[in-house]
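Q: There's a structure below that I have some questions on.
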Ligand code: SF4
Ligand code: SF4
């Protein structure tokens, strides 16, 4: 029997997800034994035309990482969708937008201005910006369109499964690959990670007092966090209450608070809004009956860049999706 | 393009009236609104009332949904400090809206569209004042087109 064909593709991403595949170490050899990789730009020399030449549905599964922010990425993922039986959104950026999704606080114009003009290391007095079409010596050169908004993969094509994480951890990747090879997949649309909150599995959860109340917000670089205590108890914002478990508590174990890369659990529509409720239930609870409106406001003002913090990974997947400019 | 035109005509239309959704807690503000009604106190008819058990019940998602679905303003009103039927729901609400408000402003929403107030069951007059003030504030801001889902400011692709 022919081996199932598998494609890996990257869109707006950092390359960390490719790294995660390589991190499978000797397990990668098992995967390579079991499947036939037909596209993997980072490692193999197959091109778009090779994919175009395939029959529709010929690829068993495409793992696509990265968010969608250019015309070319949109075309490629639509092509892969057509050629694939299954599409897995691989990693935070494809799943919920990820770090590239923070660009949704700006738009193309403001990003170009910053990157190609205002950055101190750039000199561009004529204000030349990338163009979709340029004539050089009579030859027309083209670039794909750069969109104003960053999209999650499922805002552009149908996605069958999601592998969360920045980057997805090797055990979840192997579980997913095994499940696909053995045909033991859960319902379509599932996130291939436990449906529990990070706080549920966090090694520090027992140190969390029943009634948590914090008076001051502290940022990770301002204090050396106690390696035993719940971050929230120390006033360091941790997105654990609004985030799905399954990462192996990687950040917590490195004594850093969670930033939400696994996205929310199943029932939560908006990770940032969930975090707003979580913070509101613990910030300034003590003497709440004595504080004035102004005091509440100044407590809240301590949270630096709340939108960027609560939606660090999930802005494109959030209800608002992006900042409204102008 | 067509959508941009629609937006402009709405914005300039002199008969435009804001739509404001008011979440009122059952024990205080809703009763206050009721009192305003039976006392025949006049206030602008721009609010649509949703009765909720406690202001603490209002999830930030409700407010986002209102704005996305075309409401121009949202008012959440609960019991005065110390009077919450469930002891501290109104304090939770107050903190929630303080955080949500800063967040919405980061997202480009004008301050003033989402407001929070305390109105007791005996304050029919105050209820009318609050509604008048919120309506006026929102009128000054004009129609809320920024967060409406089908008026994406950039591409309307997805
Ligand atoms: S808030 Fe963070 S540190 Fe505290 S229990 Fe949850 S995940 Fe762990
Ligand atoms: S702790 Fe949070 S941010 Fe860190 S890997 Fe886990 S889910 Fe991602």
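Q: Hey, if you drop one equal point scatterer on each alpha-carbon of segment B:43-82 and run the Debye formula without solvent, what base-10 log of I(q)/I(0) do you get at q = 0.24, 0.28 Å⁻¹?
A: -0.94, -1.13
Q: Follow-up. Build a GNM of chain A with springs between Cα atoms under 10 Å: which of A:161, A:116, A:147 gets the top mean-square fluctuation?
A: A:116
Q: Give the average, rounded to an integer, of partner chain Cβ atoms located within 10 angstrom of each Cβ in B:57-69. Mind showing how you got there, number by number?
A: Working: counts 0, 1, 6, 9, 8, 1, 1, 7, 3, 0, 2, 3, 0.
Taking all residues of B:57-69 together, the mean is 3.
Q: Quick check: the angle from helix A:170-182's long axis to the longest principal axis of chain A, C-alpha only, nearest 10 degrees?
A: 50
Q: What percent antiparallel are the DSSP beta bridges of the protein assembly as shown, to the nearest 5? List each step's numbers first, then the result.
A: Numbers: 8 of 44 bridges.
Roughly 20 percent of the DSSP beta bridges within the protein assembly as shown come out antiparallel.
Q: Right, another one. Helix B:124-141 versus the longest principal axis of chain B: what is the Cα-based angle in degrees, 0 to 90, to the nearest 10?
A: Approximately 10 degrees, to the nearest 10.
Q: Another question about this same structure. Work out the mean other chain Cβ neighbour count within 10 Å for the residues of A:300-308 and drop it here as an integer.
A: For this peptide, the per-residue mean of nearby foreign Cβ atoms is 4.
Q: Remind me, relative contact order of chain A in percent, using alpha carbon pairs under 8 angstrom and six or more residues apart?
A: 18
Q: Another question, if that's okay. Let me confirm one metric for peptide B:108-117, namely the mean number of other chain beta-carbon atoms within 10 Å of its residues' beta-carbons. Please report the intermediate quantities before stating the final value.
A: Values: counts 8, 3, 1, 0, 0, 0, 0, 0, 1, 0.
Mean partner-chain Cβ count within 10 Å for B:108-117: 1.
Q: Next up: For every helix of n ≥ 4 consecutive DSSP H residues, a contribution of -39,500 (n - 2.57) applies; sum these over chain B, divide by its total residues, and give [θ] at 222 nm rounded to the nearest 500 deg cm²/dmol.
A: Values: 5 runs with 66 residues, N = 158.
The per-residue figure over chain B is -13500 deg cm²/dmol.
Q: Quick one: if you stick a label point 7 Å off each Cα along the C-beta vector at residue B:80 and residue A:55, how many nm between them?
A: In this crude label model, residue B:80 to residue A:55 measures out at 7.8 nm.
Q: I've got another one for you. If I build a Gaussian network model for chain A, linking alpha-carbon pairs within less than 10 angstrom, which residue out of A:287, A:36, A:171 has the largest mean-square fluctuation?
A: Result for chain A, Cα springs under 10 Å: A:287 fluctuates most.
Q: Taking Rh as the Kirkwood radius, which is the inverse of the mean 1/r over Cα pairs, what is the Rg/Rh value for chain A?
A: Details: Rg = 22.2 Å, Rh = 21.7 Å.
Checking Rg against Rh, the ratio lands at 1.02.
Q: On C-alpha positions alone, give me the angle between the axis of helix A:271-280 and the longest principal axis of chain A, in degrees, nearest 10.
A: 10
Q: If the elastic network links every pair of Cα atoms under 10 Å, which of B:115, B:42, B:129 fluctuates the most in the Gaussian network model of chain B?
A: B:42
Q: Something else about it: Would you please classify the overall shape of segment A:213-279 from the alpha carbon gyration tensor, given that a ≥ b ≥ c denote the square roots of the eigenvalues, rounded means a/c under 1.5, and beyond that prolate means a/b larger than b/c while oblate covers the rest?
A: On the way: a/c = 2.46, a/b = 1.36, b/c = 1.81.
Note, shape of segment A:213-279 comes out oblate.
Q: Which whole-number percentage describes the relative contact order of segment A:188-271, with Cα contacts under 8 Å and a sequence gap of 6 or more? Before the final figure, lay out the partial values.
A: Numbers: 117 pairs, mean separation 28.9, N = 84.
Answer for segment A:188-271 is 34 percent.
Q: Moving to a separate point now. Normalised by the residues of segment B:58-158, what does the relative contact order come to in percent, with Cα pairs under 8 Å and at least six apart? Mind showing how you got there, number by number?
A: Working: 92 pairs, mean separation 38.0, N = 101.
With pairs under 8 Å counted, the relative contact order is 38 percent.
Q: Would you order A:270, A:33, A:118, A:200 from fewest to most other beta-carbon atoms within 10 Å of each residue's own beta-carbon? Could you put the intermediate results ahead of the total?
A: Numbers: A:270 22, A:33 8, A:118 11, A:200 14.
Least crowded to most crowded, the residues run A:33, A:118, A:200, A:270.
Q: If you don't mind, there's one more thing I want to ask. Apply the a/c threshold of 1.5 to the C-alpha gyration tensor of chain B and tell me whether it is rounded, prolate or oblate.
A: Numbers: a/c = 2.68, a/b = 1.55, b/c = 1.73.
It is oblate, given that a/c is not under 1.5 and a/b is not larger than b/c.
Q: What FRET efficiency do you get for residue B:136 and residue A:319 if R0 is 25 Å and r is their Cβ-Cβ distance, rounded to the nearest 0.05?
A: 0.35
Q: Same structure, new question: Using 7 Å Cα-to-Cβ label points, what is the residue A:178/residue B:105 separation (nm, one decimal)?
A: It is 5.1 nm.
Laboratory data are not the source of any read-out in this text; all were calculated from the coordinates shown. Values in this document were obtained by computation on a predicted structure and should not be read as measured data. Glycine gets a Cβ as well: all are built from the backbone with ideal geometry, and neighbour counts include every protein chain shown.
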